[in-house]
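In what follows, a single structure is set out as structure tokens and then discussed.
The values are calculated or read from the model by the stated rules, or taken from the named source; none is laboratory data. This structure is a prediction, so every number in the text was calculated from the model and none was measured. Every residue, glycine among them, receives a Cβ derived from its backbone with ideal geometry; neighbour counts consider all protein chains shown.
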Amino acid sequence: MLSLHLQEDIFDQADTGPFTICPCTFTENIFQSRLQDSTFNIFRSNSIVMDLLGGDVDLNKNQAGLQLSDPALYINRELSWIRFNQHVLDEAKDLSHPLLERIKFLAIFSNNLDEFFMVRVSGLHHQLVEGVLKLPPDGLTTMEQLERINKDLVPLLEEQTRVWFEEIIPELQKNGIVIHNRSTLDGSKRKILRKFFLRELFPVLTPLALDKSHPFPFISNLALNLAVILKRPGSHDELFARVKIPSNLFPRLIEIPGDSPPKGNSSLLELIFLEDIIADNLDLLFPGMEIVAAYPFRVTRDADIEIEEDEADDLLSAVEQSIGKRWIGAPVRIEISEEMISSIADMMGAKLARFPHMIYRVRGPIGFADLFCMMKLNRPDLKDVPYAPYIPGRLAHGADIFNAIKTRDIILFHPYESFQPVIEFLQTAAHDPDVLAIKMTLYRTGTNSPIVQALLDAREQGKAVSVLVELKARFDEENNIGWARALERAGAHVVFGVMGLKVHAKLCLVVRKEKSGIVRYAHMSTGNYNAVTSKIYTDIGLFTANEEISSDVSHLFNVLTGYSQYKAYHHLLVAPGGIKTGIISHIEQEIIRQAEYGDGKIIFKLNALQDDEIIRTLYRASQEGVKIHLQVRGICCLRPGIEGISDNITVTTIVGRFLEHARIYYFHKGGDPLVLVGSSDLMPRNLKRRIETLFPILDTGIRDEIINTILPVHLHDTIKTRVLRADGSYSRVDRGEGEPFQAQEWLIENRGIWNRNLMKSEAGP
């Protein structure tokens, strides 16, 4: 589901409420020397920044003294991401979503937090330990970032728990789904579950004692556990043991079977959390002992693995060795039951926590991400209404796909349009006797990938197959290693990434021998070649046989697979280097247009905007009067609406049923617009540390459909749109007096209209 692969979080003070978090206090003696650093003291002297740290600030009154590099003009990356995840949580509260979809958003919110802790928060901890003093553009020190993350995250965690207990649970009951806990089990249900425990759970459980002869056990990453307190009969001494919950082997929620359905509600479904079953039957695990209490807990560990590429003789082996370390990294968060007694909590902290702020007291389930399992319930009435994605007639099954592409470029907008033509493009290429070679990049393909199977089929048919498999795609490394080995065994030429860079570009090239000579067919996309995520991520893909574009793609593959240093691309912007300079150059051209003709206009639709140089260039464009609309799904470090600096910039975001994932860059250029589409966001990682591509839409018909249909639909949404304020907060868009309008729903209802419009234009009046 919406994993998002950039999620982040932390916490602040201890207080009452659904989530109680230990005080986030960093001892002065540890950091005192660092706090005396001159850079830090200079930062402290910035009154504007200090105002921002303390709350809202009227930036307009300070604009005259602001330089475009001033920290007050930049929103912290981590804090911006928290706002994005807050929007995900808001979707769980949105009554327009079916009930199980609301639970899905709760799970997404939690999963995002898990990834944030494993990657972003762990990185901040590294900075603290290593004494990193370099400040980000927003000027916040590492410690200040942690403290602000804590402050912003606490109310969201409280709200998550409130939504579960006060909204979701009652609605589930109204719909015939009851989630029991130990206190609501009657005798008959206990007997049923005890049999299940003995038959299914008991054989796989291994209790681990903790005493002088049994050291504190290793707690694996994201594994749910029970901390069990025991007594020997006649003894007052308490003993401690740990039981790992086998949630990797069983669903987190277990159905309670009944002998007969209750009267009046034959469809009643009764569930219970796996840990509650185990906690209710601990006497069978510890016979002869008194069970005093059992408390759930979970540890999140640093999972941001580092691969020493320079020292690795074999990148594949280096990645394999590194991913094994992910689950044993240093702890970054310890979640414990709100009810856990202080002596056990203190012991947990002493054994696992490097800093006090790492310990969370949680009311309710720990690890809401496991609630994804509820989407497997056979309750279509509680889920989104399914729909059939549109397939353009020229790409219908059985059509001559190569002739269709050669006749005219073809756009596909997923998930409103089907991903199946992309699969069939490769399947056709694999079995077409005239196809000589297939070249492709693979980043996240998923399991049982039809894309990879088509490549394997191509090798079986004797085609030359070259595949760049990015082994360093975070959390997909193992999957990609498996596919890489399978392709190697089939005889494909496999390249395991590029030294020092991630290959994030989404490219496919088919080389075909035809009567006219060699023709190259390219597919380029904003999203991964993944048949599963293509149903829940919005992405744009383009088929083209344009000679200059296909030549660019061919040269880029030579760069990826060999030692080529080719840079003279006709149309592609390629990172590192080319995308940043290209985007800045096009912004500068709009500034010139604005000065001469007053018609400068820019629209960006992307996932993240962080690069400070590009932000400064956008600020300059705004100062010159260029009208700028940025629709940024997630991280946005630019502050819009500051008088004299960014008052010509509007920033909106949409979070809804689908994950907005397409990147579109529009430059007005005096009425002859340029539209760039591709894999890259405007973040340092994309621009400096990845191989990315942006490609122009050269077909004027497709370009105009993006400008006149796809972009306006998103920019005019009045239901799911939020507007970014200068202080970093968001507000719902003003709906005005018109009819409510929801972009994603309109696109579902009108899916494929852009391709139908193109067909009408071809047919003529």
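Some points to look at:
- Residue that is farthest from the chain's Cα centre (by Cα) [pool: residues in segment 717-756 that are among the hydrophobic types (A, V, I, L, M, F, W, C) and within 20 Å of residue 93 (Cα to Cα)]: 741
- Within segment 93-109, the residues that satisfy the criterion of being outside any helix (DSSP H, G or I) and touching a helix residue (DSSP H, G or I) at 6+ places or on another chain (Cβ under 9 Å) are 94, 95, 97, 98.
- Single unsatisfied condition, residue 538 versus (1) part of a strand (DSSP E or B); (2) β-branched (Val, Ile, Thr); (3) more than 15 Å from the chain's Cα centre (by Cα): (3)
- Residues (surrounded by 18 or more Cβ atoms within 10 Å (Cβ to Cβ) and under 28 Å from residue 645 (Cβ atoms)) located in segment 708-719: 711, 714, 717
- In segment 577-601, the residues that are in a loop (DSSP other than H, G, I, E, B) and modelled with pLDDT of 95 or more: 598, 599, 600
- So residue 549, is it in the same structural domain as residue 506 (by TED's automatic domain parsing), over 23 Å from residue 684 (Cα atoms), of a type in the set (Val, Ile, Thr) and surrounded by fewer than 20 Cβ atoms within 10 Å (Cβ to Cβ): no
- Restricting segment 249-292 to residues that are modelled with pLDDT under 95 and small (Gly, Ala, Ser), the residue that is farthest from residue 118 (Cα to Cα): 264
- Residue count for segment 482-521, restricted to those that are assigned to a helix (DSSP H, G or I) and in contact with a strand residue (DSSP E or B) (Cβ under 9 Å, 6 or more places away or on another chain): 5
- Subset tally (residues that are part of a loop (DSSP other than H, G, I, E, B), more than 21 Å from residue 529 (Cα to Cα), without any contact (Cβ under 8 Å) to a residue 24 or more places away in the chain and of a type outside the set (Asp, Glu)) for segment 374-431: 5
- Checked against (1) in a helix (DSSP H, G or I); (2) modelled with pLDDT of 90 or more; (3) not polar (S, T, N, Q), residue 346 meets all criteria but (2).
- Of the listed requirements (1) crowded, with 20+ Cβ neighbours inside 10 Å; (2) more than 24 Å from the chain's Cα centre (by Cα); (3) of a type outside the set (Asp, Glu), residue 413 misses just one: (2).
- Every listed requirement among (1) crowded, with 16+ Cβ neighbours inside 10 Å; (2) in a strand (DSSP E or B); (3) out of contact with any Gly (no Cβ under 9 Å at 6 or more places or on another chain) is met by residue 524 save one, (3).
- Index of the failed condition, residue 558 passing every other in (1) in contact (Cβ under 8 Å) with a residue 12 or more places away in the chain; (2) closer than 27 Å to residue 698 by Cα; (3) outside any strand (DSSP E or B): (1)
- Residue count, segment 678-715 (criterion: under 13 Å from residue 502 (Cα atoms) and not polar (S, T, N, Q)): 8
- Test: residue in segment 709-716 that is at pLDDT 95 or above, aliphatic (A, V, I, L, M), under 21 Å from residue 648 (Cβ atoms) and under 23 Å from the mean Cα position of the chain (by Cα): yes
- Filter pass, residue 432 being of a type in the set (D, E, K, R) and within 20 Å of residue 396 (Cβ to Cβ): yes
- Checked against (1) within 23 Å of the chain's Cα centre (by Cα); (2) among the acidic types (Asp, Glu); (3) surrounded by fewer than 17 Cβ atoms within 10 Å (Cβ to Cβ), residue 130 passes all but a single condition, namely (1).
For every residue, the table says whether it meets (1) at pLDDT below 95; (2) more than 27 Å from residue 729 (Cβ to Cβ); (3) in a helix (DSSP H, G or I); (4) in contact with a Phe, Trp or Tyr (Cβ under 6 Å, 6 or more places away or on another chain).
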| site | (1), (2), (3), (4) |
| --- | --- |
| 615 | no, no, yes, no |
| 619 | no, no, yes, no |
| 628 | no, no, no, no |
| 631 | no, no, no, no |
| 640 | no, no, no, no |
| 666 | no, no, no, no |
| 692 | no, yes, no, no |
| 698 | no, yes, no, no |
| 706 | no, yes, yes, no |
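- Residue selected from segment 460-476 under the condition surrounded by 20 or more Cβ atoms within 10 Å (Cβ to Cβ) and at pLDDT below 90, by the criterion farthest from residue 555 (Cα to Cα): 476
- One residue stands out in segment 731-748 among those that are at pLDDT 95 or above and in contact with a Phe, Trp or Tyr (Cβ under 9 Å, 6 or more places away or on another chain): the one that is farthest from residue 605 (Cα to Cα), namely 748.
- Scanning segment 432-447 for residues that are under 23 Å from residue 495 (Cβ atoms) and not in a strand (DSSP E or B) yields 443, 444, 445, 446, 447.
- Residue that is at negative phi and surrounded by fewer than 23 Cβ atoms within 10 Å (Cβ to Cβ), where the choices are 507, 560, 572, 606: 560
So that you can scan it fast, the table gives a plain yes or no per residue for (1) out of contact with any Lys or Arg (no Cβ under 9 Å at 6 or more places or on another chain); (2) modelled with pLDDT under 95; (3) polar (S, T, N, Q):
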{"residue": "399", "(1), (2), (3)": "yes, yes, no"}
{"residue": "402", "(1), (2), (3)": "no, no, no"}
{"residue": "408", "(1), (2), (3)": "no, no, no"}
{"residue": "416", "(1), (2), (3)": "no, no, no"}
{"residue": "429", "(1), (2), (3)": "no, no, no"}
{"residue": "443", "(1), (2), (3)": "no, yes, no"}
{"residue": "448", "(1), (2), (3)": "yes, yes, yes"}
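- Search result, residues across segment 738-755 that are part of a helix (DSSP H, G or I) and surrounded by 15 or more Cβ atoms within 10 Å (Cβ to Cβ): 743, 744, 745, 746, 747, 748, 753, 754, 755
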